[in-house]
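A.B. asks: Just passing along the structure, written as structure tokens.
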Amino acid sequence: MNSTLARDIGILVARLGIGIIFLVHGLQKLNVWGYEGTKAGFEGMGAPVPAVTAFVATWVEVLGGLALILGVFVPVFGVLLFLVMAGAFFVAHVDNGVYAADGGFELVTALGLGALLLAVVGAGAFSIDRFLAPKIPLLRAA
């Protein structure tokens, strides 16, 4: 796509959609299940060090979702969200097949790869990163 405006609108829409899903998913861990419930769920799935991984996954999803929505530190949070989804893929979903309805990996794969793509292409023009990137090289698009 050669249009910069169309590209930036596409990145914005992707950031908002993916960011909202991550934020809501993290808030579910925080407000619906609570830390103890989330930790118990991670224990039941066989997650390594469930007390730590439950805490990290919750806050990466909440803060990462907000970061994508606002377009701030998108390369950093895109990679962190990708890593959390890679962990979810291997710990909880890979043995259940493809379909999310069966506990499969389609949603974590799409979210993880979407977050990774945003990390690589950057936050676009409609973002806070646009203003931070001249001062912070890590935030410049590849």
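The values are calculated or read from the model by the stated rules, or taken from the named source; none is laboratory data. All figures in this text were calculated on a predicted structure; none of them were measured in a lab. Neighbour counts run over all protein chains shown; Cβ positions are idealised from the backbone, glycine included.
A.B. asks: Of the residues that sit in segment 84-101 and are among the hydrophobic types (A, V, I, L, M, F, W, C) and free of Cβ contacts under 8 Å to residues at least 12 places away in the same chain, which one is surrounded by the most Cβ atoms within 10 Å (Cβ to Cβ)?
C.D. replies: Looking at residues that are among the hydrophobic types (A, V, I, L, M, F, W, C) and free of Cβ contacts under 8 Å to residues at least 12 places away in the same chain, I get Ala100.
A.B. asks: Anything in segment 4-16 that is within 19 Å of the chain's Cα centre (by Cα) and exposed (fewer than 14 other Cβ atoms within 10 Å of the Cβ)? List them, or say none.
C.D. replies: Val13
A.B. asks: Take segment 18-33 and flag every residue that is surrounded by 13 or more Cβ atoms within 10 Å (Cβ to Cβ) and without any contact (Cβ under 8 Å) to a residue 24 or more places away in the chain.
C.D. replies: Listed by number, the residues that qualify are Gln28, Trp33.
A.B. asks: Can you go through Val108, Val56, Val120 and tell me which one is among the β-branched types (Val, Ile, Thr), assigned to a helix (DSSP H, G or I) and under 11 Å from the mean Cα position of the chain (by Cα)?
C.D. replies: Working: Val56 fails: under 11 Å from the mean Cα position of the chain (by Cα); Val120 fails: under 11 Å from the mean Cα position of the chain (by Cα).
None of the others qualify; the one that does is Val108.
A.B. asks: Could you please give the count of residues in segment 112-136 that are charged (D, E, K, R) and at pLDDT 95 or above?
C.D. replies: So the count comes out to 0.
A.B. asks: Filter segment 59-80 down to the residues that are assigned to a helix (DSSP H, G or I) and touching a residue at least 60 places away in the same chain (Cβ under 8 Å), then identify the one that is surrounded by the most Cβ atoms within 10 Å (Cβ to Cβ).
C.D. replies: Val74
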